[in-house]
Amino acid sequence: MIRTSREAIEACYEQQEDMTTFIEKIEQDIFEISRDRITDAAIPIRQSLDEAVADIHALLNGRDDADGVLSGFRDLDGMTYGFHPGQMIVLAARPSVGKTSLAMNFAEHAMIPDGGRKPAGVIVFSLEMTAAQLAMRLICSRARVDMKRIRDRVISKQDSADIATTVKELKEAPLWIDDGSTSTILDIRAKARRLHTKNPLGLVVVDYLQLIKGTDSRMQREQQIADISRGMKGMAKELNVPVVVLSQLNRESEKENRDPRLSDLRESGSIEQDADVVMLLHRPKKSDDDETVEGGGLYNEHEHIKLIVAKQRNGPVGEIDLTFVRRYTRYENFHR
């Protein structure tokens with residue numbers, strides 16, 4: 001502690017870098033004192049083997065969420081076995097397909113799990129929506145109340161009772177929302193680190209990557225995005241929690257009328273390199289029958305959305321069907 005403090009004081013007299021970067025570095029140095037530094041060094045293979053065997057036994061015994069959090073979606077959990085510590089999970093889509101809704105469904109299932117599992121602490125960094133807007137969406141989604149009915153002031157007594165029950169349930173949930181719209185990757189890492197020391201986290205959600213400010217405005221945007229992406233992966237490893245990062249896709253898939261793919265991630269190829277799992281949300285093209293339904297009809301009520309697992313370091317890739325209930329802004333398991 002004395003050595004670190006002395007070095008920090010000396011660095012204060014000599015520092016010439018950006019102040020935000022400098023403070024984050026000092027904070028991280030002090031934070032490291034309270035951690036077991038041996039974990040950052042090389043470890044003998046027997047320790048890694050013991051952990052691997054424990055994971056194998058957990059999987060064989062059906063406890064596939066033993067060291068991570070489940071998404072709450074049957075087909076996705078069957079392919080990924082949940083989100084695991086240290087993973088960077090990228091969820092990408094074109095605007096208005098529903099990536100924020102799906103990410104909030106992940107967060108909801110982590111903090112209020114089914115089957116008697118232990119709740120996981122969740123922090124959501126929302127750079128696009130305010131905390132109040134996200135809370136409203138979360139209430140309506142979980143209570144299954146149409147937000148339009150609330151705005152039109154035509155909700156039933158049952159809706160009011162469901163909202164009250166949901167609010168009471170959510171108040172007990174370990175959820176934190178940060179809606180700072182000018183956050184940098186250093187801000188996000190520092191905030192997550194501070195919260196994690198007080199209230200251990202099980203999941204971090206960032207909505208969304210392209211809205212994060214670069215630490216150096218002189219750098220090209222592609223290089224800034226690469227630094228932000230590396231920072232996200234570093235945060236996942238440092239805190240040892242899964243980090244779900246939302247991202248935009250470019251317009252190429254729409255122009256070429258095809259399913260999105262990894263190369264469609266906007267502004268940087270480093271995102272697909274850093275990510276452990278990349279999931280792409282895609283709304284399949286409507287059939288002629290759907291398009292002729294006046295006012296959107298049932299198609300807009302229960303939309304068929306395709307979730308493409310385009311990359312997974314430790315598992316298979318493929319497509320998963322989900323149902324998006326637009327009136328509740330909620331995803332559910334797909335039923336044929």
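The values are calculated or read from the model by the stated rules, or taken from the named source; none is laboratory data. These numbers come from a predicted model, not from an experiment. Here the Cβ positions follow ideal geometry from the backbone for every residue, glycine too, while neighbour counts run over all protein chains shown.
Of VAL325, VAL278, VAL317, all but one fail to be at pLDDT 80 or above, in contact with a strand residue (DSSP E or B) (Cβ under 7 Å, 6 or more places away or on another chain) and crowded, with 18+ Cβ neighbours inside 10 Å; the exception is VAL278. The set of residues in the stretch 162-219 that are among the basic types (Lys, Arg) and in a helix (DSSP H, G or I) comprises LYS168, LYS171, ARG189, LYS191, ARG193, ARG194, LYS198. Evaluate the following for ILE43: is it assigned to a loop (DSSP other than H, G, I, E, B), modelled with pLDDT under 75 and at negative phi? Against the criterion (assigned to a loop (DSSP other than H, G, I, E, B), modelled with pLDDT under 75 and at negative phi), ILE43 qualifies. For the structure I just gave you, tell me whether THR130 is more than 19 Å from MET111 (Cβ to Cβ), in the same structural domain as LYS99 (by TED's automatic domain parsing) and touching a Ser or Thr at 6+ places or on another chain (Cβ under 7 Å). For THR130, the condition - more than 19 Å from MET111 (Cβ to Cβ), in the same structural domain as LYS99 (by TED's automatic domain parsing) and touching a Ser or Thr at 6+ places or on another chain (Cβ under 7 Å) - is not met. Does at least one position in the stretch 162-181 carry a residue that is surrounded by 12 or more Cβ atoms within 10 Å (Cβ to Cβ), of a type in the set (A, V, I, L, M) and within 19 Å of PHE324 (Cβ to Cβ)? Scanning the stretch 162-181, I find no residue that is surrounded by 12 or more Cβ atoms within 10 Å (Cβ to Cβ), of a type in the set (A, V, I, L, M) and within 19 Å of PHE324 (Cβ to Cβ), so the answer is no.
Residue check: is ASP55 outside any helix (DSSP H, G or I) and modelled with pLDDT under 80? The answer is no for ASP55.
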